[in-house]
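The values are calculated or read from the model by the stated rules, or taken from the named source; none is laboratory data. Every value quoted in this text rests on a predicted model; they were computed, and no experiment measured them. Using ideal geometry, Cβ is built from the backbone for each residue, glycine included, and neighbour counts are taken over all protein chains shown. Quick note on the areas: whole protein, heavy atoms, side chains included, nothing else; ligands and nucleic acids left out. Shrake-Rupley method; radii C 1.70, N 1.55, O 1.52, S 1.80 Å.
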Amino acid sequence: RLVHLDLKGAPPRAAYLAEVLPLLRTLGASGLLLEYEDTFPYAGPLGPLRAPHAYSPGEVRAVLSQARAQGLEVVPLLSFLLQFVLKHKEFAHLREVKVFPNALNPHKEESLALVKAMIDQVMALHKDLKWFHIGCDEVYYLGEGEESKQWLQQQDNTPEKLCLSHIKAVASCVASSYPTVTPIVWDDMLRGISEETLTESGVPQLVQPMIWDYAADLDVEGKVHLIEKYRRCGFSKVWFASAFKGATGVNQSLTLIGHHLKNHLQWLKVASNSPADVLEGIALTGWQRYDHFSVLCELFPVAVPSLAVCLQALENGGYSEKTKANVEKLLGMSNLETETFMSTSLGTFPGSDILTLVTQVSFYLKSSVDELLERNRYITGWFSPYHRKRKIIHPIIMHHFQPDAVSLLSKWNAVVQDLQAAMQQVFHECTVEEWMEENVHPSLQKLQQVVDDLDKA
């Protein structure tokens, strides 16, 4: 049971990870799937790939040794979508399609050399790995570059074969230098490929596919058939990938636990209907952005209750009242709601204050400001944009709403200050800034502006 930490957005400080790893172990995790992206401390010619907030080599070593101390298996994930690489001018010449930083040109030797250099640097910091996840999902523009188009014109060449040869090349990079490490790939590019093409490609001997589906109503029978197909093609083992957050809305700020719990209960059915020896494990994904360029979705501390419920459901083969009570005890929470966004969510787990404050902001900030500015008749009638622009106000009317506006502003400023302080304990400044600009500033600035305009008028 690997917990996926998606570090391409809101990467937690190393100190917070040290605090949270023992809890993950207690909840039933047996490993971590670490998607570093630009937070890995790349060096040398790969130096430009490091984000300003990247972990230092020392921090990575510390997290890995803490994971080892907790008995957590670590699997690094290096997705070869490589948007975080191909956006840089130094590597832009390796794009499959010149204007899109989405896919690597598979025909250039330098592309493979880049991949190998990245794998080598990640491997150098990780000892005794059993698996290495090489991504390979949603490679939408593979085959659309000029060299690929020429390659596809040759007899018997197809987009499927191009995709498979790319996967094979990257997997062979791992296999040849690190023979004891098994590459894992996301399975979505493999699902639609015929059994014959898959079998002939040689890919099944090199990798283990990770079948992902984050739906609450995933098709159990369809998954069982897919596993049987992969077995017939020669894959020795398969993985499942569920989601505990980051799969229900690109700018979602709170996690609906019920959705993710249902997703895990469906995966349990798939497991019970599949041969016992076929399943290697499950990764509980927790996406932090839908891709390198999108906004943040639910922050990790906000989704800890969802992760706890999902891990415990997997460990106990279902979710009962007893399991619920255990989760509540481990998180220090009194009543864990799965079917609503929890509006009164206090807990004692690391980062629980962030959950409480994000819940307040998400539920009440925008609605309370909109209520005042758009539905208070004194504001809409006597302090409209027309009045505000001209600094006109009836002094008597002002007393009907100025105290409300001032008190609402001071209330929210206090909440936001607390949230900022809590977030700074867990995240770097760039994350705090991004989250505030997306989720707080639009409403707070509107309110501040009205108060300022009142003062001027």
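So, of the residues in segment 128-163 that are touching a helix residue (DSSP H, G or I) at 6+ places or on another chain (Cβ under 9 Å) and more than 25 Å from His292 (Cβ to Cβ), which turns out to be most open to solvent (accessible area, probe 1.4 Å)? Only one residue fits best here, namely Asp128. Could you tell me whether segment 174-191 includes any residue that is in contact with a Pro (Cβ under 9 Å, 6 or more places away or on another chain) and farther than 30 Å from His264 by Cα? Yes: one or more hits.
Using the structure shown, decide if Thr338 is within 20 Å of His4 (Cβ to Cβ), touching a residue at least 24 places away in the same chain (Cβ under 8 Å) and among the hydroxyl-bearing types (Ser, Thr, Tyr). Walk me through how you get there before you give the answer.
Working: within 20 Å of His4 (Cβ to Cβ): no; touching a residue at least 24 places away in the same chain (Cβ under 8 Å): yes; among the hydroxyl-bearing types (Ser, Thr, Tyr): yes.
The answer is no for Thr338.
The residue that is farthest from the chain's Cα centre (by Cα), counting only those in segment 175-228 that are of a type in the set (A, V, I, L, M, F, W, C) and open to solvent by 40 Å² or more (accessible area, probe 1.4 Å), is Leu206. Filtering segment 330-338 for residues that are part of a helix (DSSP H, G or I) and not small (Gly, Ala, Ser) leaves a non-empty set. Touching a residue at least 24 places away in the same chain (Cβ under 8 Å) and surrounded by fewer than 16 Cβ atoms within 10 Å (Cβ to Cβ): does that describe His88? Taking the combined requirement at face value, the residue satisfies it.
Each residue in segment 243-288 was checked for being under 12 Å from the mean Cα position of the chain (by Cα) and either without any contact (Cβ under 8 Å) to a residue 24 or more places away in the chain or outside any strand (DSSP E or B) (or both), and 9 pass. Is it the case that Ala10 is touching a Ser or Thr at 6+ places or on another chain (Cβ under 9 Å), assigned to a loop (DSSP other than H, G, I, E, B) and modelled with pLDDT of 95 or more? Against the criterion (touching a Ser or Thr at 6+ places or on another chain (Cβ under 9 Å), assigned to a loop (DSSP other than H, G, I, E, B) and modelled with pLDDT of 95 or more), Ala10 qualifies.
Residues that are in a loop (DSSP other than H, G, I, E, B) and either surrounded by 13 or more Cβ atoms within 10 Å (Cβ to Cβ) or touching a strand residue (DSSP E or B) at 6+ places or on another chain (Cβ under 8 Å) (or both) within segment 54-74 comprise Ala54, Tyr55, Gln70, Leu72, listed in sequence order.
For segment 414-424, state whether one or more residues are assigned to a helix (DSSP H, G or I), more than 23 Å from Thr255 (Cα to Cα) and modelled with pLDDT of 95 or more.
Taking segment 414-424 as the starting set, the residues that turn out to be assigned to a helix (DSSP H, G or I) are 414-424.
Still in the running and more than 23 Å from Thr255 (Cα to Cα): 414.
Subset that is modelled with pLDDT of 95 or more: 414.
Yes, some residue in segment 414-424 is assigned to a helix (DSSP H, G or I), more than 23 Å from Thr255 (Cα to Cα) and modelled with pLDDT of 95 or more.
The number of residues in segment 197-230 being in contact with a strand residue (DSSP E or B) (Cβ under 8 Å, 6 or more places away or on another chain), in a helix (DSSP H, G or I) and touching a residue at least 40 places away in the same chain (Cβ under 8 Å) comes to 3. Whenever a residue of segment 305-328 is in a loop (DSSP other than H, G, I, E, B), its partners that are surrounded by 23 or more Cβ atoms within 10 Å (Cβ to Cβ) and small (Gly, Ala, Ser), lying with C-beta atoms within less than 7 angstrom and at least six residues away or across chains, give the pairs Tyr319/Ala313. Quick one: is Glu434 outside the structural domain of Val20 (by the TED database) and either open to solvent by 70 Å² or more (accessible area, probe 1.4 Å) or of a type in the set (A, V, I, L, M) (or both)? Considered against the rule, which asks whether it is outside the structural domain of Val20 (by the TED database) and either open to solvent by 70 Å² or more (accessible area, probe 1.4 Å) or of a type in the set (A, V, I, L, M) (or both), Glu434 comes out as no.
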